[in-house]
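The values are calculated or read from the model by the stated rules, or taken from the named source; none is laboratory data. Quantities reported herein were computed from a predicted structural model and do not represent experimental measurements. When we count neighbours, we look across all protein chains shown, and the Cβ atoms used for this are built from the backbone with ideal geometry, even at glycine. Ligands, DNA and RNA are stripped out before the accessible areas are found, and what is left, the full protein with its side chains, is counted by its heavy atoms. Shrake-Rupley method; radii C 1.70, N 1.55, O 1.52, S 1.80 Å.
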Amino acid sequence: VDVFQAWCGPCKPVVNLFQKIRNEVGSNLLHFAVAEVDSIDALEKYRGQCEPVFLFYTGGELVAVVRGADAPLLQKTIVKHL
């Protein structure tokens, strides 16, 4: 989940990376979503930050958090949790 604030929007450069990985591993294994922190109370702790935050869930449980648009780290995290 790409967690963003309305004033800066979702992290568009990372979308291409996510699409590339999804094509490599298959669309049934990997799903992406975006969530605006100001409209979801459960994401309140991520408000007021100026860096992108990516939340990784497996089986409905939060398994990893990556702060910043670090493409190699994002890819490593995705592959690790698949």
To the nearest 20 debye, what is the magnitude of the charge dipole of the stretch 2-81 about its Cα centre, counting +1 on the Cβ of each Lys and Arg and -1 on the Cβ of each Asp and Glu? 300
Farthest towards the positive end of the dipole of the chain, among 16, 53, 39 and with Cβ unit charges of +1 on Lys and Arg and -1 on Asp and Glu, lies the Cα of 16
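Ignoring ligands, DNA and RNA, what accessible area per residue does the chain give at 1.4 Å, in Å²? Display every interim value, and only then the final one.
Values: 5310 Å² over 82 residues.
Value returned for the chain: 65 Å² of accessible area per residue.
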Would you work out the Kirkwood radius for the chain? I mean one over the mean of 1/r across all pairs of different Cα atoms, in Å. 13.1
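Mean separation of Cα pairs under 8 Å and 6+ residues apart, divided by the residue count of the stretch 2-81: what relative contact order is that in percent?
About 31 percent, as a whole number.
Quick check: at a probe of 1.4 Å, how many percent of the accessible area of the chain sits on carbon and sulfur atoms?
Numbers: 2860 of 5310 Å².
So the carbon and sulfur contribution to the accessible surface is 54 percent.
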Compute the distance in nm between two label points, each set 7 Å from the Cα along the Cα-to-Cβ direction, one at residue 47 and one at residue 67. 1.8
